[in-house]
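Q: Here you go, one structure.
The values are calculated or read from the model by the stated rules, or taken from the named source; none is laboratory data. Every value quoted in this text rests on a predicted model; they were computed, and no experiment measured them. Here the Cβ is made from the backbone with ideal geometry for all residues, glycine too, and neighbour counts use every protein chain on show.
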Amino acid sequence: MNSRVFHIATNTLREAVRDRVLYNLIGFALLMSAAAVLVGQVSIQIERLVVINLGLTAVSLFGLVIAIFIGIGLVSKEIDKRTLYTLLSRPVRRWEFIAGKFFGLSGTLVVNTFFMAIGVFAALAYVSHHLVGSDVGVLVALYFIVLQFVIITALALFFSSFSTPIFSAIFAFWLFVIGSFAQDLRNFAAMTHGLTRWLATGAAYLVPNFSTLNVITQAAHGEPVPSQLILFNTGYALIYSVAVLSAAVLIFERRNLK
Amino acid sequence: MIRSRQVTAIAGSVLVCSMVSAALLTRAVDHMRPAAPVREVLFVSSPKLLKRLCLGYDGLLADIYWTRTVQYFGGTHSRGGGTYKLLWPLLNITTQLDPHLIPAYEFGGTFLLAKPPEGAGDPAKAIELVQYGTQNNPNDWHLFYDLAFIYYDLKDYRNSAFAFLRGSQLPDAHPFLKIMAAQMAEHGGDLNTARMMWTATYETTHDKMIRANAAAHLRVIQVDEDLTGLEPLVEKYRARTGRFPESFTEMISAGIIRSIPLDPLRHPYRLEPGGRIVVSNPDELPFLDQGLPSGYVPRPPKLSPVD
Amino acid sequence: MRAIEIAGLEKVYNAGFWRKRSKRALRPLNLVVEEGEIFGFLGPNGAGKTTTLKILMGLVFPTAGSARILGLELDDPRMKAQIGFLPEQPYFYDHLTAQELLHYYGQLSGVHAKQLSRRVEAVLEQVKLSNSANVQLRKFSKGMLQRVGIGQAILHDPKVVFLDEPMSGLDPMGRREVRSLIEDLKARGKTVFFSTHILSDAEALCDRVGIIHQGELRGVGAVAELTAGVHGKVEIVWHGATVPAGIVTMGAECRSAGETMRVIVPEENQDAALEALRRERLRLISVVPMRSSLEDYFVAQLGVPLKSEVVSFRS
């Protein structure tokens, strides 16, 4: 059973790697890191600040684009191209398909982030002339960015299991935006009463909590991230993704593939 | 085959010409409305709204606004200065987005304080900005230094001393903070204090514009000192000869001075009728309030960043 | 054991925005296919052939009824390991090579790693794609994709092979290859269930056919049985260049070939035509009953000639 999931995952990764679109996006991200070096020269003291801010933001945003654009196509492309038919006529269960796609895309994003991170660290080494102890913060920030990707992948896959690519992209993107406001949404919910409070609280906890996964500014200022936060965020990302994937499986199991 | 080569040639030249024309037109439009690009810099003027809009990427947006602030200031300054109306809003947005952007406080403290055409001339906002900075960065002694400087410039020596004191109590504070606290408390108005302040600024800042500013102020202090030393000598000449000297050469012949006195820029001082000592090139010595030639109208200064 | 058992299979789609319009894609279908048979599933577009296949593959869920393959339920992985499927106009992962694709599918079908490479090679040989084994699929022509599709359907040596329009997109050479492949599968004891428009292929290959129209099964049986029931035609050849009045009134088309005339009339008019010839003292050369084809059966059953949709190679 697990070997099928593994094979689907590796195939997804292989497909993604051979698709040239990825290289363009990675190229852009690396370009951003290079640009960061130039921009930082506006003021000597903030070179490091700008490199980390711009570099990590680029990694985050470009990874988001990759996650959404490849993620939304994951299921619908297979249906359109009928590759799914030959897959499901084999002893492959529908949930195995979803799981395999999820791991495949997550793996792709980890590899991407790795390459883009090299760009950031190269730029950082260039402006600082040596790596400082606080650069560990950059690693933590990158790890959190990867956790964000995992959640977005699950969401993109979820939408892809029943919706067309365009709508999946729009939904996934808006969930990312709203998720960035998750903390504000919770605060807002706490201030309301009655039915509004129920609805708002429900929405606030349903929406992915991206605000806590963004520690770019802290990394830029060299502030340490508490290890408890790392633990909680990891747990949250995994649990939330599992929830979303279960929903995707529930829907996909029942879907008529016309 | 010939047809397609013609088409390529024509299309290619049309492309080049139109791109060049478009670029030239853009420049022409820019020249027509110099103020407009600056206005667009703000676009969204509410810091809180911006913080919401940037989806958590506030660090980057702060850096962008900081860059714009520096460009805005530099650009306005190179065009002769002004009132820098947008300086405060830009700095406000920058520091709200990233309260830990220390350079912004130092910059704001200096140039919000300075009077037009040097800066915005808004000391209240300068104090507000730096105090916001100390609240959010309570362990950074530089900010208390900046605050002390502002109060000093406003001749509020008591508050200045107090700020120095608070700063000196922080861990790894520069030792001179303690020294300045004492100095300010007792000799706030002295020229020596002024020299110490500006020298400290000159030596500790990394910002080129702030350093140039400090250097200019140090030169003013030097001129003041020079004048304080030269005026009695002119008086001595008058006591001896019964008239004011017309040039320093006369004073040299009279044995009162040994050589022609030079200002901090190594230009010779001049003597005006009536015995007033003035500088030769007042345009290159901004902030000067003594030793200006009669009838001199100060022109907008040009602070070169490498001073 | 029965290879395929379909009992009362029904599919109703609810179309429209409010899901109010219902469309019957499949009326209750009952069908049995024995092991070792080649069964042809015939019908015009939209008849329900692909819907039936998709239900059997577990891609679409029926609104009523049930089906079993090899005695097992449709979602049983043990069953799926023993079937192969070629969808209509297949398309595969752009950036994989043929060999990689077959490897991938083989892994998913549970073919043991040790045998996999050999099987892949053998299959590529069988569908005549050995030379293009390392070419990326996006560079394949339609015919090549079809052959890869067949390859992945037989890779794991399944007992039952389902093919949806296996001949589409192939040139006559390719079609012949596919035909021989299907015959080869039968020779090895496999069951083949395929849907097609091409009646001549069905006539030549199939042991039995089923004809479906507008979601309803109109006829099932061996080709000979089906065509036997249809009124046949008779070809009459006589010497001369004239057409007797009696035959003219039948409205049949007469052709002359050199010194002879030839006409094809329905079987029931045979006696009247011969009588007309005798009356005019024309010399009869031959009377040959023409074997009615599946197309005739089609026409008779469905009431429409379907010339535009159905390809027949009757000369």
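Q: Name the pairs whose Cβ atoms lie under 7 Å apart, with the first residue in the range A:185-209 and of a type in the set (D, E, K, R), the second buried (at least 16 other Cβ atoms within 10 Å of the Cβ), and 6 or more positions between them or separate chains?
A: Matching pairs, first to second residue: A:R186/A:A204; A:R197/A:A189.
Q: For A:S161, only one of the following conditions fails: (1) polar (S, T, N, Q); (2) buried (at least 17 other Cβ atoms within 10 Å of the Cβ); (3) more than 22 Å from A:G100 (Cβ to Cβ). What is its number?
A: So A:S161 meets the others, but not (3).
Q: Scan the range A:44-83 residue by residue and report those that are more than 14 Å from chain B (Cβ to nearest Cβ) and more than 19 Å from the chain's Cα centre (by Cα).
A: Result: A:S76, A:K77, A:E78, A:I79, A:D80, A:K81, A:R82, A:T83.
Q: Next up: Which one of these is within 13 Å of another protein chain (Cβ to nearest Cβ) and either surrounded by fewer than 17 Cβ atoms within 10 Å (Cβ to Cβ) or more than 23 Å from A:L245 (Cα to Cα) (or both): A:A190, A:A182, A:A200, A:A219?
A: Just one listed residue meets the conditions, A:A219.
Q: Quick check on this structure: which one of A:L157, A:L142 is in contact with a Lys or Arg (Cβ under 8 Å, 6 or more places away or on another chain), more than 10 Å from chain B (Cβ to nearest Cβ), closer than 21 Å to A:F69 by Cα and modelled with pLDDT of 85 or more?
A: A:L157
Q: Confirm whether B:E225 is in contact with a Gly (Cβ under 9 Å, 6 or more places away or on another chain), closer than 19 Å to B:L288 by Cβ and surrounded by fewer than 16 Cβ atoms within 10 Å (Cβ to Cβ).
A: Here the answer is no, as B:E225 does not meet what is asked.
Q: Which residues, counting only those in the range C:78-98, are more than 25 Å from the chain's Cα centre (by Cα) and surrounded by fewer than 17 Cβ atoms within 10 Å (Cβ to Cβ)?
A: C:R78, C:D94, C:H95
Q: Name the one entry in B:D98, B:D153 that is within 14 Å of another protein chain (Cβ to nearest Cβ) and at negative phi.
A: The unique qualifying residue is B:D98.
Q: Can you name the residue in the range B:256-282 that is in a loop (DSSP other than H, G, I, E, B) and of a type in the set (K, R) and, of all such residues, is surrounded by the most Cβ atoms within 10 Å (Cβ to Cβ)?
A: Only one residue fits best here, namely B:R258.
Q: Given the structure, is A:F102 over 30 Å from A:A220 (Cβ atoms) and not in a loop (DSSP other than H, G, I, E, B)?
A: For A:F102, the condition - over 30 Å from A:A220 (Cβ atoms) and not in a loop (DSSP other than H, G, I, E, B) - is met.
Q: So which residues in the range C:111-135 are within 14 Å of chain A (Cβ to nearest Cβ) and either surrounded by fewer than 17 Cβ atoms within 10 Å (Cβ to Cβ) or free of Cβ contacts under 8 Å to residues at least 24 places away in the same chain (or both)?
A: Correct list: C:H112, C:A113, C:L116, C:N134, C:V135.
Q: For the range B:47-69, which residues satisfy the criterion of being facing chain A (nearest Cβ under 8 Å) and surrounded by fewer than 18 Cβ atoms within 10 Å (Cβ to Cβ)?
A: Listed by number, the residues that qualify are B:R52, B:T67.
Q: What residue, among those in the range A:222-258 that are basic (K, R) and not in a helix (DSSP H, G or I), is surrounded by the fewest Cβ atoms within 10 Å (Cβ to Cβ)?
A: The qualifying residue surrounded by the fewest Cβ atoms within 10 Å (Cβ to Cβ) is A:K258.
Q: Can you spot a residue in the range C:148-161 that is crowded, with 19+ Cβ neighbours inside 10 Å, of a type in the set (D, E) and closer than 20 Å to C:L56 by Cβ?
A: no
Q: Same structure, new question: What's the total number of residues in the range C:180-208 that are under 11 Å from the mean Cα position of the chain (by Cα) and closer than 14 Å to C:R147 by Cβ?
A: Number of matching residues: 0.
Q: Please list, ordered by residue number, the strands (runs of 3 or more DSSP E) wholly in the range C:17-102 having 1 or more residues that are of a type in the set (F, W, Y) and within 14 Å of chain A (Cβ to nearest Cβ).
A: C:83-86
Q: Could you tell me which of the residues B:V234, B:V220 is touching a Phe, Trp or Tyr at 6+ places or on another chain (Cβ under 6 Å), part of a helix (DSSP H, G or I) and not acidic (D, E)?
A: B:V220
Yes or no, residue by residue, for (1) surrounded by 15 or more Cβ atoms within 10 Å (Cβ to Cβ); (2) modelled with pLDDT of 80 or more; (3) more than 30 Å from C:I198 (Cβ to Cβ):
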| site | (1), (2), (3) |
| --- | --- |
| C:S256 | no, yes, yes |
| C:R262 | yes, yes, no |
| C:E267 | no, no, no |
| C:V287 | no, yes, yes |
| C:V304 | no, no, no |
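Q: Would you confirm whether any residue within the range C:123-143 is part of a helix (DSSP H, G or I) and of a type in the set (F, W, Y)?
A: no
Q: From the list C:L145, C:L163, C:L129, C:L137, which one is within 19 Å of C:L101 (Cα to Cα) and in the same structural domain as C:M57 (by TED's automatic domain parsing)?
A: So the residue among C:L145, C:L163, C:L129, C:L137 that is within 19 Å of C:L101 (Cα to Cα) and in the same structural domain as C:M57 (by TED's automatic domain parsing) is C:L163.
Q: Let me ask something else. Return yes or no: is B:N213 surrounded by fewer than 19 Cβ atoms within 10 Å (Cβ to Cβ) and assigned to a helix (DSSP H, G or I)?
A: No.
Q: Another question, then. Can you tell me which of (1) away from chain C (no Cβ under 14 Å); (2) surrounded by 22 or more Cβ atoms within 10 Å (Cβ to Cβ); (3) closer than 30 Å to C:P158 by Cβ is the one A:F103 doesn't meet?
A: The number of the failed condition is (2).
Q: To continue, here is another question. Restricting to the range C:10-47, count the residues that are over 21 Å from C:D207 (Cα atoms) and crowded, with 22+ Cβ neighbours inside 10 Å.
A: 4
Q: Of the residues A:I79, A:I46, only one is touching a helix residue (DSSP H, G or I) at 6+ places or on another chain (Cβ under 8 Å), in a helix (DSSP H, G or I) and of a type outside the set (K, R); which?
A: Exactly one of A:I79, A:I46 is touching a helix residue (DSSP H, G or I) at 6+ places or on another chain (Cβ under 8 Å), in a helix (DSSP H, G or I) and of a type outside the set (K, R), namely A:I46.
Q: Here is a follow-up. Considering A:V110, A:V5, which residue is within 13 Å of another protein chain (Cβ to nearest Cβ), part of a helix (DSSP H, G or I) and either under 14 Å from the mean Cα position of the chain (by Cα) or under 29 Å from A:F210 (Cβ atoms) (or both)?
A: On inspection, the qualifying residue turns out to be A:V5.
Q: Could you please let me know if C:R21 is among the basic types (K, R) and at pLDDT 90 or above?
A: Here the answer is no, as C:R21 does not meet what is asked.
Q: Which of the residues belonging to the range B:182-210 are under 15 Å from B:L288 (Cα atoms) and surrounded by fewer than 17 Cβ atoms within 10 Å (Cβ to Cβ)?
A: B:L191, B:R195
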